[in-house]
């Protein structure tokens, strides 16, 4: 089942979101800001696109199932892509707020390209159109 598509990344990372999501959002924002404006890393090194390509073997370190099913990462491509796209939208929102800084527009373009590659036309045509 794809429950993630019923949520918007903006709702998940909104000020009214639960504390763990706020903290997670803060970590993503700090990672993105530091990589972009302090370390000047190439976007390919810190955009969260790679999450959508994680194999089941990479996401499940243990050969036996973990005791808490919440800790498992989805094994289907669509769920992984939805998670990656929500995280990249969080990155993009943070970058938009500092778009006046040198090099940020270029990074935003790379994040948008990564989003476009994650969104599949069969299940995310509106999201793809929004990115274009």
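The values are calculated or read from the model by the stated rules, or taken from the named source; none is laboratory data. Note that the coordinates shown come from a computational prediction; the quantities given were computed from them, not determined experimentally. No Cβ is skipped: glycine too gets one built from the backbone with ideal geometry, and neighbour counts run over all protein chains shown.
In the set (1) part of a loop (DSSP other than H, G, I, E, B); (2) at pLDDT below 90; (3) closer than 27 Å to residue 109 by Cβ, residue 40 fails one condition alone, (2). Pairs are defined by a Cβ separation below 8 Å, a sequence spacing of at least 6 or placement on different chains, a first member in the stretch 102-120 that is at positive phi, and a second member that is assigned to a helix (DSSP H, G or I) and loosely packed, with under 14 Cβ neighbours inside 10 Å; no pair meets this definition. Tell me, please, whether a residue that is more than 17 Å from the chain's Cα centre (by Cα), exposed (fewer than 15 other Cβ atoms within 10 Å of the Cβ) and modelled with pLDDT of 65 or more can be found in the stretch 63-80. The answer is no; no qualifying residue exists.
Scanning the stretch 51-62 for residues that are surrounded by 14 or more Cβ atoms within 10 Å (Cβ to Cβ) and modelled with pLDDT of 60 or more yields a count of 2.
Screening the stretch 100-122 for residues that are within 17 Å of the chain's Cα centre (by Cα) and within 17 Å of residue 79 (Cα to Cα) and picking the one that is surrounded by the most Cβ atoms within 10 Å (Cβ to Cβ) gives 118.
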